[in-house]
Each structure stands twice: as structure tokens, then as C-alpha cells.
Amino acid sequence: MSEKREFYRVGELVNDEGWYICVPCGYRKLYKRGEEFVECISCLEAHKDVALSDITDEGSWEKIGE
Ligand SMILES: [Zn+2]
């Protein structure tokens with residue numbers, strides 16, 4: 001039984017195609033192999049008045065499924 005948790009930062013490349021969840025807000029997105037992790041659009045909407053650099057600092061994606 002594996003309890004492995006995988007986290008990826010904005011700007012990293014996707015090695016493993018599947019569904020990922022934005023850790024700060026819970027937004028889900030399907031990433032394909034070779035794509036780049038991007039800022040979560042849901043977080044961007046919630047932080048319209050905040051500098052982008054502040055968002056990417058906290059942005060990370062966790063794999064949740066295939
Ligand atoms: Zn988010």
C-alpha cells in the first residue's frame with residue numbers, strides 16, 4: 001500500500017498524465033505529459049489584486065488520479 005504524495009510547483013513539466021489538484025484551493029485540472037504546470041485559474045480569480053509572484057510562491061499541484 002503506497003501513501004506516496006506527489007507535489008509539483010508551477011513551471012515544472014508534467015511527467016505523469018492525469019488529474020491534479022491545486023493545493024491551496026482544491027481546483028482540479030487534467031494535465032498531459034510534457035505540459036507545464038501553470039498558475040491555477042481559480043487562484044488567479046481569487047487574487048486579482050495580488051501580484052502574480054505572490055501566487056506562484058504558494059501554488060503547487062498534487063496528483064490525485066489518472
Ligand atoms: Zn488554486
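Only the coordinates and a few stated rules stand behind these numbers; no lab work does. Nothing here was measured: the structure is a model prediction, and the numbers come from that model. Note: ideal-geometry Cβ built from the backbone for every residue, glycine included; neighbour counts use all protein chains shown.
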Subject >> Label-point separation in nm, Trp19 to Phe7, each point 7 Å along Cα→Cβ >> reply: 2.2 nm
**OP:** Loop only per DSSP, at most 15 neighbouring Cβ atoms within 10 Å: give me the trypsin sites (Lys or Arg not before Pro) in the range 1-40, ordered by residue number.
**Re:** Lys4, Arg5, Lys32, Arg33
